[in-house]
Structure formats: C-alpha cells, structure tokens
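The values are calculated or read from the model by the stated rules, or taken from the named source; none is laboratory data. The shown structure was predicted, so the numbers you read here are calculated from the model rather than taken from an experiment. Here the Cβ positions follow ideal geometry from the backbone for every residue, glycine too, while neighbour counts run over all protein chains shown. Heavy atoms of the whole protein, side chains included, go into the accessibility calculation; ligands, DNA and RNA do not. Shrake-Rupley method; radii C 1.70, N 1.55, O 1.52, S 1.80 Å.
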Amino acid sequence: MMELDDLKTAWAKEVNMTTQTADFNSIQRQVNKLDKHAKMSWSIETVGALFGILGTVIFTWGWADDPTIFTQTVAVVLIASLVYSARLFFGIQQTETQDDWTLLAKLNMQIEKREKEVKMLRNLAVLQLIPMFSIMMLSSYAVYIEVTGMIMPSMTLMIGWCAGLAYFIFLHFYNRRHLNNRFLPALEQLYELKKQLED
C-alpha cells in the first residue's frame, strides 16, 4: 500500500511529466480506445462460448433421443474447450495490479492486459484455432450422424468443412494483422510512457 507522501510525490511527478510530453494525451486516448475495444471483443467471445455450451447441452442431452457415445464424447470435449476459451478471454481482462491511484499503476494494468493479449494472439493458431476447428469438425460430424443416421459424410458436410477451414484461416490472418498494427504498437507506447514515469 502506497503511503500518502509517496502518493503525493508520484502525482506531482506524473503531472509534470504529462505537461512535458506532447503526445501523452494522444497516447492515452489511443490506449483507452484499444482497451474499450478489447473489453468488448473478449466479452463477446465469452458470451459466445457460453451460448455454445448451452446449445451443446440442449442438443446432446435434450433434443437428441438417444445420443451415441461418440456424440456425447464430442459434446463433452466441445464444452471443455468452450469453458477453457471463456476462462481465457475473461482472464485477459484481469490484472494483478489493484491500486489504480497513480498513472504508473494504471499503465502497469494496461501493460499487463496488452501483454496477455499479445501472447494469446501470437499463439492463437496453435492454442485456439487449430484445436477449435478440429473440435467443430467432430461436432458437426456428430450432429450429422444424429440427424441423418448416416456415417459417410455428405458433399454438403464436406463443403461446410472447407468453408469452416477458410473462415479459421481468415481469422488467423485477421488476428495477426490486429496484433501487428494495433496491439504491438500500443504496447510499445505503454512501455515508453512507463520508462518516462520511472526515470
């Protein structure tokens, strides 16, 4: 916990720094905008994962008359992956820093969030997209078997798989673009501001 005198000293230093740094307000606006966008994106992802879990449970153990072991196993794997995703997206917005009384503390919170996002986006293909695409393929195949009673995939299902693959490839390059054009530059600006505050 920061003492009152230390807090006053930190505030005075930060006020002085903000008046000397011409780009401070601009950087602050960019960071706030990015943080708001990130919170909305991860919240949508979390809500989507929760609806996916609910839909999987309703279909597998509510709608299907006598789901096969394969269908139930795939449903459990899908639910587990969606729970993991929801927890991951929610965890990105959580920070170890609780004290936000000073600009430095707020910067540390933003840096921690951006570092988590950069780490996740860098490993998204391996940690999220490839496993999720594989699980979605199995899930759609399980649904196909339950609905049609056929084991051999139809041409429509295979076209759907190809479309899904194209979509996941698009997501990969879209996220890489956001990583390189938005998150990494914002993180570098935060590092620079932190360096100025600590000098």
(request) Output yes when any residue across the stretch 190-197 is free of Cβ contacts under 8 Å to residues at least 60 places away in the same chain, surrounded by fewer than 16 Cβ atoms within 10 Å (Cβ to Cβ), within 28 Å of LEU107 (Cβ to Cβ) and under 21 Å from the mean Cα position of the chain (by Cα), and no when none is. (result) no
(request) List every residue pair whose Cβ atoms lie under 9 Å apart, where the two residues are 6 or more positions apart in sequence or sit on different chains, the first residue falls within the stretch 72-86 and is part of a helix (DSSP H, G or I), and the second residue, located anywhere, is acidic (Asp, Glu). (result) SER85/GLU45; ALA86/GLU45
(request) Under 6 Å between Cβ atoms, at least 6 apart or on separate chains: pull out the pairs that start in the stretch 88-107 with a residue that is within 20 Å of VAL47 (Cα to Cα) and in a helix (DSSP H, G or I) and end on any residue that is at pLDDT 75 or above and open to solvent by 60 Å² or more (accessible area, probe 1.4 Å). (result) PHE89/GLU45; ILE92/LYS116
(request) Evaluate the stretch 103-117: report whether one residue or more is buried (at least 17 other Cβ atoms within 10 Å of the Cβ) and either under 14 Å from GLY164 (Cβ atoms) or touching a Lys or Arg at 6+ places or on another chain (Cβ under 6 Å) (or both). (result) yes
(message) Contact list please: Cβ distance under 7 Å, first residue in the stretch 134-151 and farther than 15 Å from TRP61 by Cα and free of Cβ contacts under 8 Å to residues at least 12 places away in the same chain, second residue part of a helix (DSSP H, G or I) and among the aliphatic types (A, V, I, L, M), pairs at least six apart or on different chains.
(response) ILE151/ILE145
(request) Restrict the check to the stretch 154-163 and report whether at least one residue is outside any helix (DSSP H, G or I), modelled with pLDDT of 90 or more and open to solvent by less than 40 Å² (accessible area, probe 1.4 Å). (result) yes
(request) Please list, ordered by first then second residue, the pairs with beta carbon atoms under 8 Å, 6 or more apart or interchain, first in the stretch 52-64 and buried (at least 17 other Cβ atoms within 10 Å of the Cβ), second outside any helix (DSSP H, G or I) and at pLDDT below 85. (result) THR60/PRO67
